[in-house]
């Protein structure tokens, strides 16, 4: 084997190892820097499940990029409305919303349908995903938090 | 052994090149059919019976757009246009359709030969004022992009018989209506020239290519007759 060939093998193998294999670097952020390995593992699970649920239930309107659409559907990425209040968000995911809301200084008024069939775990997974994607860094939204939020919806 | 291997690779490569070429040529000259059921009408010319083939044509309609202006086939005179069916409170495929239609809108923003018409299938809820608000929120304007409402039965019939797509009420469906996510391309003679999945980006790319192709057919010198 020539030196050139061996080098290219090494590059190839190191590429395989660096892209995954046990590290959750793709999910880590400022918010997750103190998470233990076990917590990080759970967080990653929520993120993956959350993304799938988001794609099924939310991305039609809010888009895969979380940017929303024009002034019709509000963004979730860097949304002040959403970041202000996790309890309210959990309620919105489950129960939907009607009427005007103001997101990043723009008034939106499009009904969002309820998703009553979602379990508390699924709401937590979606919430964890949207609160930790597209530049949002809040960290875990746990099932416990969701339970508390949902029992206090207005 | 090495030489065999190299020959083998060369052959595979060569075959794959050969394989590509005819397919691409075919693609370029691909037919651009007029869709829909044809009617055959017999008539007598100089005592002989001849059969005329009449292509499917979009029937007459009269609907009102977001600016309270009547929209009829005449509004699309000398234009090719894209039609779809939706309703503003639709929670399922419509947002994706609107995102994709927005790409078509932006692609032909400065081309007066292309227009868009989106029919609401929920005219009771989607009033002119609501459609106006919807259009403004998407940052689009008539006459380039018409959001039209009108008589419900007329819209359903236009959808089914004219554009050959499903559009009707269905209380079992999420949102209360069943409708196709199709974008329908109509030429200047009111013939349907293509049906595309408005929820699929690749298909909408194909629509944009086909609009270009269709426009090109109108600029062609009339050498063929």
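Readers should treat all values here as calculations from the given coordinates under stated rules, not as data from a laboratory. Everything quoted here is computed from the prediction, not taken from an experiment. Here the Cβ is made from the backbone with ideal geometry for all residues, glycine too, and neighbour counts use every protein chain on show.
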Would you check which residues across region B:46-76 are free of Cβ contacts under 8 Å to residues at least 60 places away in the same chain and closer than 29 Å to residue B:219 by Cβ and list them? B:52, B:53, B:54, B:60, B:72, B:74
Filter region A:76-91 down to the residues that are out of contact with any helix residue (DSSP H, G or I) (no Cβ under 7 Å at 6 or more places or on another chain) and buried (at least 19 other Cβ atoms within 10 Å of the Cβ) and list them by number. A:79
Any hit, region B:147-164, residues being closer than 28 Å to residue A:55 by Cβ and assigned to a loop (DSSP other than H, G, I, E, B): no
Conditions (1) surrounded by fewer than 21 Cβ atoms within 10 Å (Cβ to Cβ); (2) within 14 Å of another protein chain (Cβ to nearest Cβ); (3) outside any helix (DSSP H, G or I); number of the one not met by residue B:118: (1)
Looking at residue B:104, is it more than 14 Å from chain A (Cβ to nearest Cβ) and part of a helix (DSSP H, G or I)? yes
Has region A:31-39 got any residue that is part of a helix (DSSP H, G or I), free of Cβ contacts under 8 Å to residues at least 12 places away in the same chain and within 14 Å of another protein chain (Cβ to nearest Cβ)? no
Just a yes or no: is a residue in region A:101-116 more than 27 Å from residue B:175 (Cβ to Cβ) and in contact (Cβ under 8 Å) with a residue 12 or more places away in the chain? yes
